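The values are calculated or read from the model by the stated rules, or taken from the named source; none is laboratory data. Nothing here was measured: the structure is a model prediction, and the numbers come from that model. Don't worry about glycine lacking a Cβ; one is built from the backbone with ideal geometry, like all the others, and counts go over all protein chains shown.
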């Protein structure tokens, strides 16, 4: 179902969270990222493991129609004293040879509010240490727009991030979780600095189940069309 969705939407760059590599399965040596890239026609991809268990490895992945020319990774340290901060998390940054060059980052933040507040500060600082080029940040941030972590990114980070959904559609809609009855807006397409891109459109996708009632994911996806300004 995800392959069908990717083939239909044909985004130039795809950010994926909770990408799974099952151990002992028929896909030994291949993560879901490899399978999705091959089946959906993406010649360039990068997968970074984040959390490992006895049966599987889960991480973040980026698929691209254009060459990935640089990669960097930011692990988020866990707090052993915080029961909600119970999985390893990571942010993945890439530079993609598209137009003047696109810097793109995907992440999946902790279930712990305290951990998310730490992570967004680390994330913003890290991204601007890499370069001063405009950034696109996507992912499951596990928090609503008015939460402290999102308000840090949107208002306090220097430079701040802009929320593509808010720019294009205002404060209505954008709910992505759970996919069968979305009530929470916790998945985002952000960019920084705010004047770097024009948002031509952004929409949710993956809201139609198959004949068995199964959705492509437990979250709806977001598809955005961004255009460099200037």
Report task. Only residues that are over 22 Å from residue 225 (Cα atoms), in contact (Cβ under 8 Å) with a residue 12 or more places away in the chain and part of a helix (DSSP H, G or I): list them for the stretch 142-163, please. Result -> 148, 149, 152
**Report entry** From 220, 123, 127, 153, residue being modelled with pLDDT of 95 or more, surrounded by 20 or more Cβ atoms within 10 Å (Cβ to Cβ), in contact with a strand residue (DSSP E or B) (Cβ under 7 Å, 6 or more places away or on another chain) and under 23 Å from residue 7 (Cα atoms)
**Finding:** 220
**Report entry** Extreme residue, farthest from residue 132 (Cα to Cα), among residues of the stretch 48-76 that are touching a helix residue (DSSP H, G or I) at 6+ places or on another chain (Cβ under 8 Å) and surrounded by fewer than 21 Cβ atoms within 10 Å (Cβ to Cβ)
**Finding:** 74
**Report entry** Looking only at the stretch 77-102, and only at residues there that are touching a helix residue (DSSP H, G or I) at 6+ places or on another chain (Cβ under 8 Å) and crowded, with 20+ Cβ neighbours inside 10 Å, the one that is farthest from residue 224 (Cα to Cα)
**Finding:** 85
Query raised in the report: Just one of 100, 118 is part of a helix (DSSP H, G or I) and touching a strand residue (DSSP E or B) at 6+ places or on another chain (Cβ under 8 Å); which is it?
Result: 118
Query raised in the report: Within the stretch 189-223, can you find the residues that are part of a loop (DSSP other than H, G, I, E, B) and under 17 Å from the mean Cα position of the chain (by Cα)?
Result: 206, 216, 217, 218, 219, 220
Report summary line: For the stretch 164-188, the count of residues that are crowded, with 22+ Cβ neighbours inside 10 Å, in a strand (DSSP E or B) and in contact with a strand residue (DSSP E or B) (Cβ under 6 Å, 6 or more places away or on another chain) equals 1
Report summary line: The one condition residue 61 fails out of (1) in a strand (DSSP E or B); (2) under 15 Å from residue 106 (Cα atoms); (3) modelled with pLDDT under 95 is (3)
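Check whether at least one residue in the stretch 130-141 is surrounded by fewer than 19 Cβ atoms within 10 Å (Cβ to Cβ), assigned to a helix (DSSP H, G or I) and in contact with a strand residue (DSSP E or B) (Cβ under 8 Å, 6 or more places away or on another chain), and report yes or no.
Our first condition is that a residue be surrounded by fewer than 19 Cβ atoms within 10 Å (Cβ to Cβ); within the stretch 130-141, this holds for 130-133.
Cutting the leftovers down to assigned to a helix (DSSP H, G or I) gives us 130.
Now narrow it down to the ones that are in contact with a strand residue (DSSP E or B) (Cβ under 8 Å, 6 or more places away or on another chain): 130.
Checked the stretch 130-141: at least one residue is surrounded by fewer than 19 Cβ atoms within 10 Å (Cβ to Cβ), assigned to a helix (DSSP H, G or I) and in contact with a strand residue (DSSP E or B) (Cβ under 8 Å, 6 or more places away or on another chain).
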**Report entry** Criterion: touching a strand residue (DSSP E or B) at 6+ places or on another chain (Cβ under 6 Å) and free of Cβ contacts under 8 Å to residues at least 60 places away in the same chain - qualifying residue of 46, 65
**Finding:** 46
**Report entry** residue 206, sole failed condition from (1) over 24 Å from residue 147 (Cα atoms); (2) out of contact with any helix residue (DSSP H, G or I) (no Cβ under 8 Å at 6 or more places or on another chain)
**Finding:** (2)
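Condition test on residue 6, is it assigned to a helix (DSSP H, G or I), within 19 Å of residue 102 (Cβ to Cβ) and modelled with pLDDT of 95 or more? Reasoning before the result, please.
Values: assigned to a helix (DSSP H, G or I): yes; within 19 Å of residue 102 (Cβ to Cβ): yes; modelled with pLDDT of 95 or more: yes.
Yes; evaluated as a whole, the condition is true for this residue.
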